[in-house]
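The values are calculated or read from the model by the stated rules, or taken from the named source; none is laboratory data. As the structure is a computational prediction, the values presented were derived from the model and not from experiment. All Cβ positions, glycine included, derive from the backbone under ideal geometry; neighbour counts span all protein chains shown. Each accessible area value is taken on the protein alone, full model and side chains, heavy atoms only, with ligands, DNA and RNA left out. Shrake-Rupley method; radii C 1.70, N 1.55, O 1.52, S 1.80 Å.
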Amino acid sequence: MASLNRLTNDWISSAQSINFDLTQGLAAIRARGRDLYQNDPIAKKFIALLKKNVIGPDGFTLKVKSYNIVQTKEGPKQMADKFANRLIQDKFYYWSKKKNCSITENISFRELNELIMSTVAIDGECFIVHLKGKQYGKFGYQIQLIDASQVDEKLNEILPNGNYIQMGIEFNKNRKPINYYFKKSDPSQENTYGMYYENKYDIISADKVTHLFVKEFINQARGICWFAPVALRMHMLNKTSEAAVINFRVGASKTLVLEPTENTDPNLTEADAVDPYGRALDNVEPGETYKIPYGYKPFDYNPQYPNAEFGIFTEAIMQQIASGLDTTHPSLSSSYRGTTWTSSRTALIDERDGWKRIQNWFAEHCLDDIFPNWLYMALLTNAVAPLPAEKFEKFNEAFWYGRGFSWVDPEKEENARIKQLKYNFKTFGEIIADDNKDLEEHLEELAAEKELFVKYNINFPDDIPVNDPEDDAEDKSPGENENSTDPEKKNGKALNYEKIIN
């Protein structure tokens, strides 16, 4: 890896600081990342996958789990403060409406999360400003998103107090962010100049800003576009596909090419190469017939590209792009040709682990910053009255549930859950959490439903059999081959889990 020879001369051998690299190329990376998202179908698909699998169709669900210490005969115990928890959850849901959560008052909290997530992937980072005060809505708190280009990556200074500004962010000697320098903008000039910024800055304290990016290097100060490792492949593949489509149309149109003959008039110019009606012959339409001018003869032009190798090559590049984006080739390409049940399931498990990882990162670095700021102002403005503001720490117990993932066969999935409970592989709470639910809230709703059944004199379905007789009969049926799509059958035999465990 460290060898220096003619085969490795183009490979870097001296590393620079990650911040040096970002200072030199951050603007270009950000511009090209945005171009890919706007014009490349693969990039567009990846961002759609992020929105669907990380944020989900319903967004994140907030569960507040504050509690009281209650003295009992056995000693002090923690008891959930159900009233406070439900009140805070309900008020946060109301704040999540588009008229409340954002300074623009035209985007809901779920949409805001989607925008933040896509911005982090495309630009590599997102700047969230926490606005507090009576002028910021009914709760005294709203969110403002700042374009990453407003944080000047060329602003680098050493300050008299020992702090330093690096790519528009002021740090102390311990590399802790102190202030953010946002270039003043004039939105009215965007239509003329694209992006218009003054040589002045709005300096905002770091405790009012969430700088959201994935930190990949120890001293990294700014974020890196997620397309960076595969951007060149995506760009080249996009341009190659575009050229192939054009060439395919040209070949299908059988464009007419003219070749001069031996007796061509040497004074004849390209302007003379027109038909008797004065139309240039380079605008041939499919199925149209022309009279060839004197001095020219037709030449057979039959482009053969794209050929049979084009699809194989494209698939190979797509697999590399999918690996670089940590997703699967079938999901990114929307092509499931040649996949089997086993390979698809294996790839899907790995991919979903990736989505869950990003979910946890988003909750830790974004949602866990937003909720305390909202709760603090909601308590001060009495938006969650009668809860007292002095018990902020007690109520600041937020848990976030992202979207769950289910398989394609609900019946087999539910049977698997029953077996997990039966053999103590999972708790009821863990299974409920997979569906983005809280166990205690689920049981409360179940108890309320039972009361309604009693009220209307309807039998509640308590006795639901764990094992369906039809399933038992199916297990005793002749097996399938080893490529069966049933995960519990292999080599023609049904696995008896109870017998194995006992």
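Once you list every other residue whose beta carbon is under 14 Å from the beta carbon of residue 202, what net charge do they have if Lys and Arg are +1 and Asp and Glu are -1?
Local net charge: -1.
Return the FRET efficiency for the residue pair residue 217, residue 65: r is the Cβ-Cβ distance, R0 is 25 Å, and the value is rounded to the nearest 0.05. It would help to have the intermediate numbers written out before the result.
Working: r = 35 Å, r/R0 = 1.41.
It comes to 0.10.
Can you work out the FRET efficiency for the pair residue 447 and residue 52, with r the C-beta to C-beta distance and R0 = 51 Å, to the nearest 0.05?
Efficiency, rounded to the nearest 0.05: 0.90.
Please work out the average accessible area per residue across segment 132-234, using the 1.4 Å probe convention, and give it in Å².
For segment 132-234, the solvent-accessible area averages 57 Å² per residue.
By the scheme Lys and Arg +1, Asp and Glu -1, what is the net charge of all other residues having a beta-carbon under 12 Å from that of residue 391?
Value of the local net charge: -3.
So how strong a dipole does segment 76-234 carry about its Cα centre when Lys and Arg Cβ are +1 and Asp and Glu Cβ are -1, to the nearest 20 debye?
My answer is approximately 800 debye.
Can you tally the net charge around residue 103? Count Lys and Arg as +1, Asp and Glu as -1, for every other residue whose Cβ sits under 15 Å from the Cβ of residue 103. Let's see the in-between values first.
Numbers: positive: 97, 98, 99, 132, 134, 138, 208; negative: 105, 111, 147, 202.
Net charge around residue 103: +3.
Using only the Cα atoms of segment 99-160, build the gyration tensor, take square roots of its eigenvalues as a ≥ b ≥ c, and label the shape rounded, prolate or oblate: rounded if a/c is under 1.5, else prolate if a/b is larger than b/c, else oblate.
Verdict is oblate for segment 99-160.
Just name one of 113, 72, 57: the one whose Cα is farthest towards the positive end of the charge dipole of segment 1-133 (beta-carbon charges, Lys/Arg +1, Asp/Glu -1).
It is 72.
Taking amide H positions as placed 1.01 Å from N in the peptide plane, with prolines and chain starts having none, which residues 5 or more places from residue 102, or on another chain, fall under 5 Å of its amide H?
Excluding prolines and chain starts, which carry no amide H, the hits are 107, 143.
Mind listing the Cα extents of segment 330-384 along all three principal axes, in Å, largest one first?
Result for segment 330-384: principal-axis Cα extents of 59, 16, 15 Å.
Rounded to the nearest 20 debye, what is the charge dipole size of segment 23-80 about its Cα centre when +1 sits on each Lys and Arg Cβ and -1 on each Asp and Glu Cβ?
In debye, rounded to 20, segment 23-80 gives about 20.
State the extension gain, in nm to one decimal, for the chain segment bounded by residue 189 and residue 135, taking 0.36 nm per residue of separation less the distance between their alpha-carbons.
Extra length available between residue 189 and residue 135 comes to 16.8 nm.
Express in nm, to one decimal, how much length is gained between residue 35 and residue 394 on full extension, taking 0.36 nm for each residue of separation and deducting their alpha carbon distance.
On the way: separation 359, 0.36 × 359 = 129.24 nm, distance 4.61 nm.
The span from residue 35 to residue 394 would gain 124.6 nm if fully extended.
Whenever you get a sec, compute what percent of the accessible area on segment 129-245 sits on carbon and sulfur atoms (1.4 Å probe).
Carbon and sulfur: 50 percent of the exposed surface of segment 129-245.
Mind checking Rg over Rh on segment 313-466, alpha carbons, Kirkwood formula for Rh? Provide the component values of the computation, followed by the final result.
On the way: Rg = 22.1 Å, Rh = 20.1 Å.
Rg divided by Rh gives 1.10.
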